[in-house]
Structure formats: C-alpha cells, structure tokens
1. Which of the residues that make up the range 64-100 are part of a helix (DSSP H, G or I), surrounded by 14 or more Cβ atoms within 10 Å (Cβ to Cβ) and not β-branched (V, I, T)?
2. Inspect all residues belonging to the range 298-314 and state whether any of them is over 11 Å from the mean Cα position of the chain (by Cα), closer than 28 Å to K86 by Cα and either surrounded by 24 or more Cβ atoms within 10 Å (Cβ to Cβ) or among the basic types (K, R) (or both).
3. G61 fails exactly one of the following numbered conditions: (1) under 23 Å from F337 (Cα atoms); (2) modelled with pLDDT under 85; (3) loosely packed, with under 10 Cβ neighbours inside 10 Å; (4) among the small types (G, A, S). What is the number of that condition?
4. Within the range 180-214, take every residue that is under 16 Å from L148 (Cα atoms) and in contact with a Phe, Trp or Tyr (Cβ under 8 Å, 6 or more places away or on another chain) and give me the one that is modelled with the lowest pLDDT.
5. For residues that are of a type outside the set (F, W, Y) and under 19 Å from Q25 (Cα atoms), tally how many sit in the range 49-102.
6. How many residues does the range 213-256 contain that are in contact with an Asp or Glu (Cβ under 8 Å, 6 or more places away or on another chain), surrounded by 17 or more Cβ atoms within 10 Å (Cβ to Cβ) and among the small types (G, A, S)?
7. Any chance you could count how many residues in the range 177-193 are surrounded by fewer than 21 Cβ atoms within 10 Å (Cβ to Cβ), in contact with a helix residue (DSSP H, G or I) (Cβ under 9 Å, 6 or more places away or on another chain) and hydrophobic (A, V, I, L, M, F, W, C)?
8. Could you figure out which of (1) in contact (Cβ under 8 Å) with a residue 60 or more places away in the chain; (2) surrounded by fewer than 19 Cβ atoms within 10 Å (Cβ to Cβ); (3) touching a helix residue (DSSP H, G or I) at 6+ places or on another chain (Cβ under 9 Å) isn't true of N261?
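The values are calculated or read from the model by the stated rules, or taken from the named source; none is laboratory data. Because the structure is a prediction, the values reported are computed rather than measured. So basically every Cβ, Gly included, is an ideal-geometry build from the backbone, and we count neighbours across all protein chains shown.
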Amino acid sequence: MATLTKRQEVILAYIQKNESRSNLQIKQHLEEKFGTFSRLTVLRDIQELLEKNLLVQEGKGRSVKYKEPIKSFILKRINQGTYFRKDVDERDLPFEKFNFAVFKELKYLLTKEEKKNLEKLNAKYLKNIKKYDPHSLKKEWERLSIELSWKSSRIEGNTYSLIDTEILIKEHKKAKGHDLEEAQMILNHKTALDYIFSYKNEFKKLSLHKIEELHHLLIDKMGVAFGIRKRLVGIIGTRYKPLDNVHQIRDALDKLITSINREKNPFTKALMVLLMISYIQPFEDGNKRTGRITANAILIAHNICPLSYRSVDEVDYKKAVILFYEQNSAQAFKDLFIDQFSFAVKTYFS
C-alpha cells in the first residue's frame, strides 16, 4: 500500500486539479501551503511519486512537467482521513446513483507494474506449493478456508472468534452466546469454498448462473431470497443508491460478466468482480460475501493464491468500498487487494 507524506498528497491533489505542472509550479504551490522548501526536497517528493507510479514525467530539463499517469476517475486517490471526517450528508457525491460509465474504467484497475509484481508473488506461491505432499497441502487449504470463512463473516458483523470458527468447522460445535445465524454464515462460507475447490476449472469463464450458485450457497438457511432482487436496498453509512430495477440490475451484471470474460489478466478479473458485485448489489443480501468468494474462485481457477483477508481491518475494508460507491475511486480497495494478496502468499504454503 502506497504511503504518502502530507506534501506528496498535496502534490497529487494539485496536479489532479491542474493537469501538467512544472517543478517550479509544484514548489510554489507547496510553499503556499507549508512555507519555504528547498528545491531538492520537492524533487525528492516528486521522484518518490514517480517511483510509485502516481505521476508520469513529460519533457526534459527546464521543460519537464508532471501529470497523472491515466486520466481515469477510477484511480483517483482520496485522503480517507479528510473524507470520512465529513458526515455522510456533507460529502460531495459525484456518483450518488449507479454510474454505468464505470464499466469503461475497469480496464485501468491495475497498472502494468502492479500486474508484474502480483505475478512475481504468485510465482513464489506456485514454487512453494510444489514442496507440499498431498496431506499437508490439504491441511494448509483447510487453514486458509477457516481463516477466510472467519474474516469474510466478520466483515459482515459476525462476532465468532477465529478459534470458535475452527471448532465450528472441524468439530461442528456451535459457540455459546452466539446466534445460530452466525454459525450458519460461517458454515456456508466453507460449503462455498469446498464447491470452488471441487469445480475450480469451471470458474475460468464466468456466468450469471455461477455467480448465483455461489450466492445461493452463501445465503442458504439464512432467510435471504435467492436470485436477482426485485426491490430497493439501502446501504448503511452512504447515500449511494444501487439500481432498483430488475432489468437494469440484470443488464449491469451482463455488462460485468462480459467485461470479465474479455479481460485476460486474472488479477484484474478478480478485482473487477470484488468491486462490482458490491457496487451493483444484485442480491437482497450477501453481495460483498459473494464478491469475495467469486473473486477467489477466479484466482483459484487460474492457479493463483486466494485471499483470506485475515489481516485486513474491517473498518478499512468498509471505507474502501464506500469510496467506490460514492466516488467510483477504486484506489483504496486496490491497495487493500494487493496488500492482502502479498499477505496470503507470505502466510500460506510458505
């Protein structure tokens, strides 16, 4: 995850609003905000932003200027601290309603450098799993499945501990003091993951039926209607309004599935479905769960290490999703995805 200084955040915001800018213009803008700086300090900040692929350089010598790498709202970087200090009703929402133009932006989700780095990490994962005998490999998959079932449920407000989740899955013993629905949510995750492992090649190409099947497994025995929702849903903590017409919802899903099946990079495919199932909200409930499990199904189908999200902060996850709802900015969620993939490769099968 890219960590920026306050000066670097100001530089990015300045260039986002003002197109290309020179070293001198950037320096003058910083001095208006913070006081006098040396030219060398400013150049160091700019160089770090270039190395993080957050700026690109144009020209040479005195004519050098800097701009955003891609003019795409989906990669807009937003200061979460500033953004979420505002009350829900005080935020400026350019995309308060579903924005179909976002489909054209999905191809920009990952840069070439990011794809390259993710592929390098996965090569390490593929090398590591070759060291495992079948029994040990099965046990490690079980560990990842338990931790994913726990954390994915916890993101949705489930209060089971990781230890209680392990006992529930391995020994079928429900934890005392918890609703039966919490246990069912966790067990449904494990059922869906077992299904994916059994039919992993089926998810190399996505279809509406496959997404609906995973959703069905995830909401089984939880009192949630199966299939595309036919009524409006509201989302706590945001004014974003998902589509409320079943024909538009189906159209959005068709566009998503077509875009995913056209995309060649499996990491981009997984990130697309993670974001867009949450954004479209096609089901009455269980949308984010369905996005996470479907994304892992795509990764597993392409021999890529799945994510457990074990180390993710639930609040950070929800904020990243809300930024996509309200601003169509996927940057925070992309950072989270890359960070969690790196964590998975280092934590499992190593």
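1. Result: F73, L75, Q80, Y83.
2. For the range 298-314, residues over 11 Å from the mean Cα position of the chain (by Cα), closer than 28 Å to K86 by Cα and either surrounded by 24 or more Cβ atoms within 10 Å (Cβ to Cβ) or among the basic types (K, R) (or both): absent.
3. The number of the failed condition is (1).
4. The residue in question is F197.
5. Qualifying residue count for the region: 17.
6. Residues flagged as in contact with an Asp or Glu (Cβ under 8 Å, 6 or more places away or on another chain), surrounded by 17 or more Cβ atoms within 10 Å (Cβ to Cβ) and among the small types (G, A, S) within the range 213-256 amount to 0.
7. 1
8. Exception for N261: condition (1).
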